[in-house]
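The structure appears right after this line, and notes come after that.
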Amino acid sequence: MAQDDGLRDGERAIKWCGASDARLVYIGRIRTPWTSRKDCPRQGRHDGPLCRIEIDEAWADALEGIDAYERLEVLYWLDHSRRDLVLQSPRDDGATRGTFALRSPMRPNPIGTSIVRLVEIEKTTLIVRGLDCLDGTPLLDIKPDRTLFIPPAPPTRGDYEIENP
Ligand code: SAM
């Protein structure tokens, strides 16, 4: 049950330190069918509804070549999340766990990631399936799915290391 400070049984928050280190820039917005957190999927599905990733015009050239990838990794800022929880008790579970043992949106830096399926490109908008965020969620970054990506740079020695030298 939630208490006055919004914490459930077993949950613990730290004194929020404020945020100053990373100067992230939003590069667009994500348009989804969901306007309430309770309606959002917990994790996106590749057979889920079509969503639109609207990238700011300034980054148009950064999309060059993206059509080569059927799957993309999308990073977004879960902007309605509290950031001070160290212990969390997910509603439907009851067990208390550390924030870093969960994929909860409530984390010190509320970055969400999804692997999405690229369906179509309309100028600077990507039409995708596989998201799980609220309509209007700020976009942080897009990268090719790492399992599809072949680095253009030659491998380094470290790419072959499997044990400590
Ligand atoms: N797939 C991402 C991940 O694993 O990093 C996010 C998973 S998180 C469990 C998804 C949930 O975050 C949604 O079900 C919704 O409750 C919540 N959420 C979605 N958009 C949000 C936003 N803009 N701000 C805060 N919470 C959000």
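Any read-out appearing in this document is the output of simple, stated calculations on the displayed coordinates, not a laboratory observation. Predicted model, so just to flag it, every value in this text is computed and none were measured. Heads up, the Cβs are rebuilt from the backbone with ideal geometry, glycines too, and the neighbour counts pull from every protein chain shown.
Here are some notes:
- Distance distribution P(r), the chain, all Cα-Cα pairs, bin width 5 angstrom from 0: 1, 8, 14, 17, 16, 14, 12, 9, 6, 2, 0, 0 percent.
- If you take the Cα centroid of region 92-165 and the Cα centroid of region 1-56, the two points sit 14 Å apart.
- Longest site-free stretch - the chain; sites: GluC sites (Glu not before Pro), DSSP loop, at most 16 other Cβ within 10 Å: 71-160
- For Asp132, the residues whose modelled amide H falls within less than 5 Å of its own, excluding neighbours fewer than 5 places apart on the same chain, are Gly44.
- Where labels lie 7 Å past Cα in the beta-carbon direction, separation of Asp5 and Cys17 in nm: 1.8 nm
- Sequence-ordered 3J(HN,Hα) estimates for region 21-28 from the Karplus curve with 6.51, -1.76 and 1.60 and θ = phi - 60° stand at 6, 8, 9, 6, 10, 6, 10, x Hz, glycine and proline given as x.
- Modelled spin labels at Leu75 and Arg103, positioned 7 Å past Cα toward Cβ, are 1.7 nm from each other.
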